[in-house]
Amino acid sequence: MNTVEQRNLLGQFVRSHRERVAPELPGRRRRTPGLRREELAARAGIGVTWCAWIEQGRDVSVSPGTLSRLAVALALTPAERAYLFELAGRRDPEAPRSGSMSRSPDAITLSVAALTCPAYGLDRLWNACCWNGAAEHLFVGWLGDAQQKNLLRYTFTVPSARDLLPDWEHRARRLLAEFRADYGRMLNDPALAALVEDLKSESDLFAHEWNAQSVMAREGGARTFMHPVDGSLTYAQHTFSPAERPDYKLVALFPWTEGHL
């Protein structure tokens, strides 16, 4: 592992998800939720002491094989598994390789400009790097002149977001869980650390959800908005990343039709 912070986050992540796993034989009432540490160790085929050291953030080297067994024992989703490996500073042999570059991709900018439905691009910190007129009209208080451009900051701290998003709390929780899937790839980024600390101090919900360690892959589906002028609007959200720049995202909101599932 690379840093004390990573070790501590790994330990918190494993413990948090251990406590979410239902035991196979619940038996009588338990003092703690989820699996006991010895039950997780047995499932993963590792020693109880080794499991305890991981959860305690000890300076131990966890092999990819051990991480794979832990991921299976904890029933992690693909996004959660990727985050586990990032925290441990190991490469998951099942994960695709990706490079990194420093320049915003033209694929995002050109695609956003070509779309007539609301569309915007997100950089690695989920700042809006480009957007079209339809997106600026939809996202009141976020996109446009004199507005800060970070999607997380907008969702958690800008009052108009609560009006625009009818299911605001659920959407905010989900957004942060999706962002955390990216977080493990940027642990040593000072800008990321500053953003997280600022938001933890500015939003109680953000602070609570950040400590909950929830992780989700970014998924599409119906997104409903209560626009101050246009009223209730529903879109099908789809997110794309350029193969050469997976740290950037294109988010497009297509008009919802009965054919969408």
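The values are calculated or read from the model by the stated rules, or taken from the named source; none is laboratory data. In this text, all values refer to a predicted model and were calculated from it rather than measured experimentally. Positions of Cβ are generated from backbone atoms using ideal geometry, with glycine treated the same way; all protein chains shown enter the neighbour counts. Accessible surface areas use protein heavy atoms only, side chains included; no ligands, DNA or RNA. Shrake-Rupley method; radii C 1.70, N 1.55, O 1.52, S 1.80 Å.
Over the chain, accessible surface divided per residue gives 51 Å², non-protein components excluded, 1.4 Å probe. Scanning residues 5 or more positions from N150 or on other chains, those with amide H under 5 Å from its amide H are A128, with H placed 1.01 Å from N in the peptide plane.
Local charge sum around A107 (other residues, Cβ-Cβ under 10 Å, Lys/Arg +1, Asp/Glu -1)? That works out to -1. Reported to the nearest whole Å, the Cα centre-to-centre distance from region 149-214 to region 222-261 is 19.
Taking only the alpha carbons of the chain, we obtain Rg and Dmax values of 20.2, 60 Å in that order. Over all other residues within a Cβ to Cβ distance under 11 Å of S63, the charged ones net out to +2, with Lys and Arg as +1 and Asp and Glu as -1.
Each Lys or Arg adds one and each Asp or Glu takes one away; over the other residues whose Cβ falls under 10 Å from the Cβ of M216, this sums to +1. Taking amide H atoms as placed 1.01 Å from N in the peptide plane, the amide H of N132 lies under 5 Å from those of A119, each 5 or more residues away in sequence or on another chain. Computed from the C-beta positions of A114 and W168 and an R0 of 22 Å, the FRET efficiency is 0.10 to the nearest 0.05.
Would you mind checking the tilt of helix 64-73 against the longest principal axis of the Cα atoms of the chain, expressed as 0 to 90 degrees and rounded to 10? Between the helix axis and the principal axis of the chain, the angle is about 80 degrees. Contact order for region 110-261, expressed relative to its length and based on alpha carbon pairs under 8 Å spaced 6+ residues apart, stands at 24 percent.
Expressed as a whole percent, the accessible area of the chain that falls on carbon and sulfur atoms is 52 (1.4 Å probe). Calculated FRET efficiency, M186 to Q237, Cβ-Cβ distance, R0 = 25 Å: about 0.60 to the nearest 0.05. Residues considered: L195, L84, L250. Largest GNM mean-square fluctuation over the chain, using C-alpha springs under 10 Å, is found at L195.
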